[in-house]
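Taking it in order: structure first as structure tokens, then the write-up.
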Amino acid sequence: MKILVCISHVPDTTSKINFTDNNSAFDTNGVQFVINPNDEFGLTRAMWFKEKQGASVDVVNVGGPETEPTLRKALAIGADNAIRVNTPALDGYQVAKELAKVAQDGSYDLIIAGRESIDYNGGMVPGMMAQILKANFVNTCVSLEVEGKQATAIREIDGGKETLKTSLPLVIGGQKGLVEESDLKIPNMRGIMMARKKPLNVVEPSSTESFTQTKSFEKPAPKGEVKIIEEDNLDQLIDLLHNEAKVI
Amino acid sequence: MSILVYTETENGKFKKASFEAASYAKGVAEKMGTDVTAVAFNAEDTKALGDYGVAKVLHIQNDKLKTFNAEAYADAIAQAAQEASADVVVLGQTANDKYLAPLLAVQLQAGYASNVVELPGIENGFTVKRSVFTNKAFNHTAITTDKKIIGVSKNAYGLKENSAAAEETSFSPNLKEEDFNIEVASVDKATDKVTIADAEVVVSGGRGLKGPENWNLIEDLADVLGAATACSKPVSDMGWRPHSEHVGQTGKPVASNLYIAIGISGAIQHLAGVSASKTKVVINNDPEAPFFKAADYGIVGDAFEVVPKLTEKLKEFKANNA
């Protein structure tokens, strides 16, 4: 089985979010970039398929040269090859189209992406990619087994889970649950050394067509002060929730 | 030209998210001088959509679509969009909406904006305001395609009553065999519990509760409020509670009317994930807990003493205000 894991290069979850250039761009100053957490669960599941079922695992990212350390980290975790599509990510559709082309050119059976990136939260790349490829698609996937061409996936639904049966080629929008948090792999020294020698191929984009354009950013309005209520005055809290906030 | 809204049903009944999406669609239609057409699958009664401004309903009744199937639903909605000559398709952001919307976007070759929080601006192009960086910021996105898809965030635009005819027409899309390549083998859903996605109130517990054996505190309070229960990341990582209850940046987002955090210090990832909630109450024994800065109301105190008392008082309140 040939697996392609799509890696989004995103600010660490603890990052302070600021903007620059008249609020038109994300301020990367002092920001640490990581593998998108939803993708990392998928990558770790892919490593399981590699170890147990002899799958090959390649990773891909759409972005400029600044994203390469994130791809190297994925190689250090154990991916075999990395591909970088050399263009800034403009919108979900453009990224999905480029990833679909890489998936098609490499005849991958299973394509694993995260359900959303934690920066733009678009939540559309995996589904769009599947539709472009005419592959099957399971979103918010929390468990995945593959036997031959048959796949069994569990998807999180609002308030529960759904078990789905489908077949390869398959695109997954993955998340926590695909593997446990404690199973996430931290690259060891050997992995990091080996990653330096693994291929990282840079390919040029096929087009620059996008469906949407980010115009500007803004930060939420500052919050008012918290009202502290004494612990022996819970009636006051109930009164505030009822009469002021009007939520009970 | 018209606005199409996809109104999701569960067991034949419309979800609140569908009425919110319909309200939003009506707002868009008013701006653009047109009407709202809804598309619904196997609904018991589509009249209720009229309360939120829906003029026409394309009703698809098909036993093959009794259970949700993203591919088939997207295919059917794309055909409904054509039938209604819709330039804008509006939907909510439930798990199913998020599943099908990207498929629909490729089928319609439409730009899709998710997590939208306000009506679009149409004076200078077509722009929407979206929540990004897990609610830590917003961005303004221009949709540059002729057809557009908008996913409206839960509890952002809200319900707006607006009487219209909701005149129903039966609609039969042409479905393909490939639409059914994914088979639902089983569904595991507690029917007696409110879900985090649907809940108006969410009660959430953190490490301050000291162990899973103390979760009755959270559950009792949630029961009184008809709330869903949730937890912080460490609690789900330690296996005290299932992953499905983990709320925050890498867990589920919360956009309820009321969020009550008990024994949760308020890591930045947690705060981001719950910040779309309208009112936040924090109960924590550490006055320095970062969550107090993000909350509307706070109680500095021992959860083991405060929460049972609060539960009792709310019981009385509910009994008197029933």
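Laboratory data are not the source of any read-out in this text; all were calculated from the coordinates shown. Remember, it's a predicted structure, so these values are computed and weren't measured experimentally. Reconstructed Cβ throughout: ideal geometry from the backbone, glycine too, with neighbour counts over all protein chains shown.
So, counting K/R as plus one and D/E as minus one, what does the shell of residues with Cβ under 12 Å around A:Pro11 add up to?
Working: positive: A:Lys16, B:Lys136; negative: A:Asp12, A:Asp27, A:Asp119.
Around A:Pro11, the surrounding residues sum to -1.
Just to confirm my numbers, what's the Cα centroid distance between region B:199-221 and region A:41-118 in Å?
Centre-to-centre distance over Cα atoms comes out at 38 Å.
Starting from the Cα gyration tensor of the protein assembly as shown, multiply each eigenvalue by 5, take the square root, and state the resulting semi-axes largest first in whole Å.
Semi-axis lengths for the protein assembly as shown are 35, 31, 23 Å.
Have a look at A:Asn29, A:Thr166, A:Ser8 and report the one farthest towards the positive end of the charge dipole of chain A, computed about the Cα centre with Cβ charges (Lys/Arg +1, Asp/Glu -1).
Of A:Asn29, A:Thr166, A:Ser8, it is A:Thr166.
So, in Å, what gap is there between the alpha-carbon centers of region B:77-108 and region A:173-189?
33
Once you put a point 7 Å from the Cα of A:Ala245 and another 7 Å from the Cα of B:Val184, both along the Cβ direction, what distance in nm separates them?
With each label point 7 Å from Cα toward Cβ, the separation is 3.4 nm.
Just list whichever of A:Lys134/A:Lys197; A:Lys50/A:Lys198; A:Lys134/B:Lys64 have alpha carbons separated by over 25 Å in the model shown. Before the final figure, lay out the partial values.
On the way: A:Lys134/A:Lys197 34 Å; A:Lys50/A:Lys198 16 Å; A:Lys134/B:Lys64 21 Å.
From A:Lys134/A:Lys197; A:Lys50/A:Lys198; A:Lys134/B:Lys64, over 25 Å: A:Lys134/A:Lys197.
Given the C-alpha atoms of region B:251-307, compute the convex hull and give its volume per residue in Å³. Please report the intermediate quantities before stating the final value.
Details: hull volume 4.1 nm³, N = 57.
In region B:251-307, the Cα convex hull volume per residue is 71 Å³.
If each of A:Gln150 and B:Glu213 carries a label point 7 Å out from its Cα toward its Cβ, how far apart are those two points in nm?
The modelled label-to-label distance comes out at 4.4 nm.
Working from the alpha-carbon coordinates of region B:2-180, get Rg over Rh, Rh being the Kirkwood radius. Provide the component values of the computation, followed by the final result.
Details: Rg = 14.9 Å, Rh = 15.9 Å.
My calculation of the ratio gives 0.94.
Could you work out the mean projected area of the convex hull around the alpha carbons of chain B, in square nanometres to one decimal?
Value for chain B: 17.5 nm².
On average, how many beta carbons from a partner chain sit within 10 Å of the beta carbon of a residue in B:103-112?
Working: counts 7, 3, 9, 14, 1, 0, 2, 3, 7, 10.
Partner-chain Cβ atoms within 10 Å, mean over residues of B:103-112: 6.
Give me the net charge for the shell around B:Pro120: Cβ to Cβ below 14 angstrom, other residues only, Lys and Arg +1, Asp and Glu -1.
Working: positive: A:Lys215, B:Lys26, B:Lys31, B:Lys129, B:Arg130, B:Lys147, B:Lys148; negative: B:Glu30, B:Asp87, B:Glu118, B:Glu123.
Net charge in that neighbourhood comes out at +3.
With charges only on Cβ, +1 for K and R and -1 for D and E, what is the dipole size of the protein assembly as shown about its Cα centre, in debye, rounded to 20? The partial results should precede the final answer.
On the way: 59 positive and 75 negative charges, 259 e Å.
Value, rounded to 20: 1240 debye.
What is the mean number of Cβ atoms from other protein chains located within 10 Å of the Cβ atom of each residue in peptide B:247-259, rounded to a whole number?
Values: counts 0, 1, 5, 11, 2, 4, 1, 0, 0, 1, 5, 5, 1.
Counting other chains' Cβ atoms within 10 Å and averaging over B:247-259 gives 3.
Using helices alone, I'd like the mean residue ellipticity at 222 nm for chain A: each DSSP H run of four-plus residues gives -39500 (n - 2.57), total over residue count, nearest 500. Could you put the intermediate results ahead of the total?
Details: 6 runs with 65 residues, N = 248.
Counting only the DSSP helices, I get -8000 deg cm²/dmol.
What is chain B's relative contact order, in percent, from Cα pairs under 8 angstrom and six or more apart in sequence?
Working: 702 pairs, mean separation 46.0, N = 322.
It comes to 14 percent, rounded to a whole number.
Considering every residue in B:292-305, what mean count of other chain Cβ atoms within 10 Å of its Cβ is obtained? Write out the running numbers ahead of the final one.
Details: counts 3, 3, 2, 5, 10, 10, 6, 9, 4, 5, 1, 0, 0, 2.
Per-residue shielding by partner chains comes out at 4.
Name the aspartates and glutamates eligible as straight-distance cross-link partners of A:Lys2: C-alpha to C-alpha under 14 Å, and not fewer than 8 places from it in the same chain.
A:Glu51, A:Asp58, A:Asp80, A:Asp105, A:Asp109, A:Glu147
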